[in-house]
Amino acid sequence: MEIKMTQKQFRRLLDLVYIGNWVLNSTRGNDRISEYDEVESLIFSQCLRHGMAPLVELYEGEIIPSKAFAEGGIHEAIMAYEDNTFFEILAQELALRDMDDPPITQENYDEIMERMDTYLGEFERHGTDHISVEIED
């Protein structure tokens, strides 16, 4: 298979591959899905032929994204996504809790969204500063 792309498109592909593998493997510890690591290594190995050698390094015989790549801002994008996802899930869980945990239906969808929007507005203004949890002994 051959795909033609510009240097800029290839650089964006590196970001996408890294983010995808991060999502799939970063929490798996020693139980990584090696097929995704192999694809990442294959794609990043192309950096050597396209003047992007600083974006890769050799680790245990495999070409991987370099420390310079990983520290070049990609994790800020991942963290922004994680923060947004965290607050959306939390808002949904709180909205459903407020309504006694009904299944989401066409009939209650608008109310759930309205409650979620209220929570999301609060989180946007104050983050988690106004959230408290009572721990029972």
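What follows is calculated from the coordinates using simple rules that are stated; it is not laboratory data. The structure displayed is predicted, hence computed values, not measured ones. Every residue, glycine among them, receives a Cβ derived from its backbone with ideal geometry; neighbour counts consider all protein chains shown.
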For the chain, return all DSSP H helices satisfying: extent of Cα atoms along own axis at least 15 Å; mean Kyte-Doolittle hydropathy at least -1.0. 7-25, 34-45, 75-98
Rounded, prolate or oblate: pick one for the chain, where a ≥ b ≥ c are the square roots of the eigenvalues of its C-alpha gyration tensor, a/c under 1.5 means rounded, and failing that, prolate if a/b is larger than b/c, else oblate. prolate
Calculated from DSSP helices alone, with each H run of at least 4 adding -39500 (n - 2.57) and the total divided by the residues of the chain, [θ]222 nm to the nearest 500 comes to -18000 deg cm²/dmol
Semi-axes of the equivalent ellipsoid for region 7-65, please: Cα gyration tensor eigenvalues, times 5, square-rooted, ordered largest first, whole Å. 20, 13, 8
Put +1 on the Cβ of each Lys and Arg and -1 on the Cβ of each Asp and Glu in region 1-100; which of M1, Y36, I78 then has its Cα farthest toward the positive end of the dipole? M1
Cleavage-rule hits, trypsin sites (Lys or Arg not before Pro), region 1-94, DSSP coil, Cβ neighbours within 10 Å at most 12: K4, R28
What residue among E40, E76, E122 shows peak mean-square fluctuation when the chain is described by a Gaussian network model with Cα springs under 10 Å? E122
Need the full-extension length gain, E107 to D37, defined as separation in residues times 0.36 nm minus the C-alpha distance. One decimal, nm. 20.8 nm
If N is the residue count of region 73-126, its Cα Rg over 2.2 N^0.38 Å rounds to 1.30
Using 0.36 nm per residue, how much length does the chain from R11 to S45 gain when fully extended, once their Cα-Cα distance is taken away? 11.0 nm
The chain: relative contact order from alpha carbon pairs under 8 Å, six or more residues apart, as a whole percent, is 14 percent
Note: N25 to Y81 extended length (0.36 nm per residue) minus current alpha-carbon separation gives 18.5 nm
